[in-house]
1. Hey, does the stretch 18-26 have a residue that's modelled with pLDDT of 85 or more and either in a loop (DSSP other than H, G, I, E, B) or open to solvent by less than 100 Å² (accessible area, probe 1.4 Å) (or both)?
2. Which residue, of Ile44, Ile38, Ile15, is within 27 Å of the chain's Cα centre (by Cα), surrounded by 10 or more Cβ atoms within 10 Å (Cβ to Cβ), among the β-branched types (Val, Ile, Thr) and assigned to a loop (DSSP other than H, G, I, E, B)?
3. Go through (1) surrounded by 10 or more Cβ atoms within 10 Å (Cβ to Cβ); (2) hydrophobic (A, V, I, L, M, F, W, C); (3) more than 27 Å from the chain's Cα centre (by Cα) one by one and return the number of the condition Trp74 breaks.
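The values are calculated or read from the model by the stated rules, or taken from the named source; none is laboratory data. Predicted model, so just to flag it, every value in this text is computed and none were measured. FYI the Cβ positions are ideal-geometry reconstructions off the backbone, even for glycines, and counts take in every protein chain you see. Side chains included, ligands, DNA and RNA excluded: accessible areas come from the protein's heavy atoms. Shrake-Rupley method; radii C 1.70, N 1.55, O 1.52, S 1.80 Å.
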Amino acid sequence: MSYKTVEAIWENGEIKWINGSLPPKKCKLIVLYEEEEITPKQNIEVFFENLAKIKTFREIEDPVEWQREIRKSWDRLPDLSSQTN
């Protein structure tokens, strides 16, 4: 028994061969794949892209004014720093 290596990319449910291909007859495969490392910054970018796709903030006409109003509501929250458990 001998082992040979061919390189391919799995993309959208299809195998795309980079160097070579498999023989036309039946063969046994061992699949080794590389996981893409996602940074926290990329994670945040994807999160906000998804929010934009589903138009989460479409009702906000003026984002700056919306932020001001949210911050005002923070001022009305009770001060819990002086409370003990």
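1. yes
2. From the options Ile44, Ile38, Ile15, the qualifying one is Ile38.
3. Trp74 satisfies all of (1) surrounded by 10 or more Cβ atoms within 10 Å (Cβ to Cβ); (2) hydrophobic (A, V, I, L, M, F, W, C); (3) more than 27 Å from the chain's Cα centre (by Cα) except (1).
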